[in-house]
Amino acid sequence: MAQCTVQTATLVGVQAVPVEVQVDVGAGLPTFAIVGLPDLAVQEARERVRSSVRASGFELPNARIVVNLAPGPLRKHGTGFDLPIAIGLLVATGQLPRQLAEEFAAVGELALDGSIRAVPGMLAYALGARSMGLPLLGPAEATSAASQEGIDYRPLAHLSQIRHSIPGRCAQIVQPLRPAIDSEYDFADVVGHDLAKRALLIAAAGGHNALLIGPPGSGKTMLARRLPSILPPLDSEERLQTALVHSVAGIDEGAALSGLRPFRAPHHSASIAGLVGGGSPARPGEASLAHNGVLFLDEMPEFGPAALQALRQPLEDGCITLVRVDGRMVFPARFALIGSANPCPCGFYGDSRRRCSCSESIVDRYRGRIGGPLMDRIDLVVDVARIDPSLLLTPSTGAHSSALREQVLEARDRALARGLGPTACLTGTSLLRACGLDTAARRRLESAARLKSLSGRGVTRLLRVARTAADMEGRDRVGSEHISEMLGYRAKEET
Amino acid sequence: MREIEWPPRTGAFELRLEDPGYPPQLRATASPPKVLRGFGDPESLMQGVAVIGARKATPYGIRCAQLFAGWAGAAGYTVVSGAAVGCDTAAHRAALDAGGRSVAVLGCGADVSYPRDSGPLLARIAASGAVISELEWGYPPAKWTFRARNRIIAGLTKALLVVEAGLGSGTFITADFALDAGREVMVVPGSIFAPECTGSNRLLSQGAIPVSDISEMRAVLENQLGSPTRDSVVEMLARGNDPVLAAVRTNPSRPDDLARELGLDIIEVARRIGALEGEGMITRYRDGRYGAC
């Protein structure tokens, strides 16, 4: 009778939780059983392991094989258990050295021919192995994702590779400081819309939320699509956080690792689970995939009300907590929300050339779809009007994205130099300290807050954007002119 | 260590009844104080508007004091009040914050800081206006001194605004003095259920001028003290030349169009619009244009 234990992990949220694969090869009728709350994908590992072991030139013992996944109460899912099961089996039967089971963790899916394939979340597994203090044996195709700083990753292309030698540590991949920006969309192409550009510039610089309201064809989507071109790159911490979520979701994490801020634009038919995460096993939603980046909701009032309102908590907390029967999962979701909306169902309310066919009550109802609490969390509201045709044909004189991006970077650097954290997360005393309002600014804010009946949250958010505007001018204190400007972007309380 | 101390080292003055610098309107009252002692600028005693209210002020009283004293200060009228907590303090602060000046009449020696932590405020008041008393230097506060002090407040000013007063309160008494001296008494109406307002409402039924907004107060002050010397009004006139305000008033427009038509930078336009909107001069229409309220 022979036994062997291999370390691996299963995903809970974006975290890899350690799991032990215990393999027992003993006398009895030749069977192959997997126990320990495996899901269907794990059960199917038996067939894949059987075929791939043979295809790699090893022998499958004609014995009773029991695989136990510990801890027992934790639900295990996914195909990443194939490799650790195979290694455990081969070590237990003496076909591989014990060292391989004792000194490594392993994750990977096996193909019938013995080649090793990546599973979603390789970066999460690699980070999990790092915290276990073990090198990770994994698929070669995931090398670029998993071999990050401080991670000892051993890539394997085929199961037969470990027959004679243990794979060496692969070189760490050095990421560029500044990612290459997709230059397809540039703000210089946009004619007019100066106010909206200004609002998006502030949103990019401070990571603030913005809503563009305007008739169809006025250029809301066109403006929002250009936002990524002025976003600052992710810092090394953010790269890992964002790449982790992408990795778990099975999306190519290369972009995030290279420092590109995510820009997610889900269609308005998205479900709650699609937007904030869910399903079984729970997958991150679009809000989490936009972590440290931008979540763009085109035609915001068309989203399901429940899905839309589910965004309130992450907008405030920066994460989503899902509670399911098999546990509680936290997905990070700190994103800037950029929305677009028509002013009314027909779309032409307030348009200078086409008459709006909606009654006032219908307009009210349409605007109410986004809802007061969500509107309260939006820092910048801009009206985007249709551009006069005569202007459309004149060449734009606006600034190029590259120039705007420099402004954004300067403002970010300034905000970071304050040492109080990102501007979009400042609250209470640290916010007041960061702003350093003078008497004039304070009075302007007080009287305007009264006039516009701003909530406490409204004042906080106003101060944050004002702080960013002052940062863009390189000013240490927020002046009354910044407060004034930002008041114009504040959604007016509808009565 | 306290940064600002009371009394200050310089700026003390004494005015005798027969001195030419003695405020004439106070000299004309039934029992003018023989000597006024104080700190600051004696010139500031020449005319002003009293803004007074109860010490045990409600938030309503405080807000009224801030609103009216703040406007008066900004308009260039000197605000006269006591130095008690509540409405008095709120009135001084609002006037000073608005860039105006104020006069505090104390119920103790002018060099005594009472209430004890009022030193910084008194110093601020004396920096542009004056802090005065009829009592000897160093005289401690007593109940009767405050009643006597009230007649000075009434005598110094040609118009008096009561923001909140209970029946029989010191404020009510001051208003009585003012009526005796033939001053204009303005009163902010209060709730009929609030004991803090029974006195002020009684004054109204006795013929005081009700004041429920700035324009009503302004009419009385212009009549009694002359036109405002500087301020909101001056600023408003200046704003008549504000191209943004003028453009928006004649034709409601969007910021983008305004910037293009006026040849101004969008940031400049956005800031002017925000400032004007924050002051309630213009408003944002539902369709995104800005226009007159």
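Nothing in this text is a laboratory measurement; each read-out follows from the coordinates by a stated rule. Being a predicted model, the structure only gives us computed values, none of them experimental. Note that each Cβ is placed from the backbone with ideal geometry, even for glycine, and that neighbours are counted across all protein chains shown.
Here the range B:82-98 is scanned for amide nitrogen atoms under 20 Å from the site 7 Å beyond the Cα of B:GLN224 along Cα-to-Cβ, giving B:82-84, B:87-96. Under 5 Å from the amide H of A:HIS158 lie the amide H atoms of A:ILE116, each residue being 5 or more positions distant or on a separate chain, with H modelled from the backbone and absent for Pro and chain starts. Per-residue 3J(HN,Hα) values for the range A:39-54, derived from phi via the Karplus relation 6.51 cos²θ - 1.76 cosθ + 1.60 with θ = phi - 60°, read 8, 4, 4, 6, 4, 5, 4, 3, 5, 5, 5, 3, 5, 6, 5, 5 Hz in sequence order (x marks Gly and Pro).
Potential lengthening of the chain between A:ARG64 and A:HIS164 amounts to 33.4 nm, from the contour at 0.36 nm per residue minus the alpha-carbon distance. Projecting label points 7 angstrom from Cα along Cα→Cβ for A:HIS400 and A:ASP326 puts them 5.2 nm apart. For chain B, the longest principal axis of the Cα atoms and the long axis of helix B:59-75 meet at an angle of about 80 degrees. Contact order for chain A, expressed relative to its length and based on alpha carbon pairs under 8 Å spaced 6+ residues apart, stands at 13 percent. With the simple spin-label model, which puts each label point 7 Å out from Cα in the Cβ direction, the B:GLU268 to A:ASP252 separation comes to 4.7 nm.
In the range A:42-126, which trypsin sites (Lys or Arg not before Pro) are in a loop and have at most 14 other Cβ atoms within 10 Å, using DSSP for the loop call?
When the trypsin sites (Lys or Arg not before Pro) of the range A:42-126 are filtered for loop state and at most 14 Cβ neighbours within 10 Å, A:ARG98 remain.
3J(HN,Hα) couplings calculated from phi for the range B:257-262 with the Karplus curve 6.51 cos²θ - 1.76 cosθ + 1.60 (θ = phi - 60°) are, in sequence order, 5, 4, 4, 5, 5, 8 Hz; Gly and Pro show x. What separates the Cα centres of the range A:279-331 and the range B:155-219 is a distance of 58 Å. Seen from a random direction on average, the alpha-carbon convex hull of the range A:63-178 projects onto 8.3 square nanometres.
Shown is the FRET efficiency for A:GLU360 and A:ILE272, computed with R0 = 51 Å from the Cβ-Cβ distance and rounded to the nearest 0.05: 0.95.
Taking GluC sites (Glu not before Pro) as exposed when their DSSP state is a loop state and no more than 14 other Cβ atoms lie within 10 Å, the longest site-free interval of chain B runs over B:137-293.
Using the Cβ-Cβ distance between B:ASP213 and B:GLU14 with R0 = 30 Å, the FRET efficiency computed as 1/(1 + (r/R0)^6) comes to roughly 0.15. Sequence-distant contacts, meaning Cα pairs under 8 Å at least 6 residues apart, place the relative contact order of the range A:2-163 at 26 percent.
Listed by Cβ neighbour count within 10 Å, with the fewest neighbours leading, B:TRP137, B:TRP71, B:TRP6, B:TRP144 appear as B:TRP144, B:TRP137, B:TRP6, B:TRP71. For the pair the range A:25-104 / the range B:133-147, the C-alpha centres are spaced 96 Å from each other.
Apply the a/c threshold of 1.5 to the C-alpha gyration tensor of the range A:187-416 and tell me whether it is rounded, prolate or oblate. In terms of gyration-tensor shape, oblate. Multiplying the residue separation of A:LEU37 and A:ARG457 by 0.36 nm and removing their Cα-Cα distance gives an extension gain of 146.6 nm. Distance between the C-alpha centres of the range A:106-152 and the range B:1-59: 83 Å, rounded to the whole angstrom.
Bridging of B:LYS56 to lysines at a Cα separation below 23 Å is possible for B:LYS143, once same-chain residues fewer than 8 apart are set aside. Within straight-line reach of A:LYS452, meaning a Cα separation under 29 Å, sit the following lysines at least 8 residues removed in sequence or on another chain: A:LYS197, A:LYS220, A:LYS492.
Convex hull volume per residue, computed on the Cα atoms of chain A, equals 161 Å³. Ordering A:ASP476, B:ASP176 from the fewest to the most neighbouring beta carbons within 10 Å gives A:ASP476, B:ASP176.
Listing B:ASP97, B:ASP88 from fewest to most neighbouring C-beta atoms within 10 Å gives B:ASP97, B:ASP88. Only Lys, Arg, Asp and Glu carry charge here, each on its Cβ (+1 for the first two, -1 for the last two); on that basis the range B:240-292 has a dipole of about 160 debye about its Cα centre. Calculated mean residue ellipticity, 222 nm, chain A: -10000 deg cm²/dmol, from DSSP H runs (n ≥ 4) at -39500 (n - 2.57) each, averaged per residue and rounded to 500.
Computed about the Cα centre, the dipole magnitude for chain B is approximately 500 debye when only Lys and Arg (+1) and Asp and Glu (-1) carry charge, each at its Cβ.
The modelled label-to-label distance for the pair A:ASP413/B:GLU5, using points 7 Å beyond Cα in the direction of Cβ, is 4.8 nm. Charged side chains reduced to their Cβ positions (Lys and Arg at +1, Asp and Glu at -1) give the range A:187-416 a dipole of some 340 debye around its Cα centre. Scoring A:419-429, A:270-280, B:122-132 by mean Cβ neighbours within 10 Å over their residues and listing the highest first yields B:122-132, A:270-280, A:419-429.
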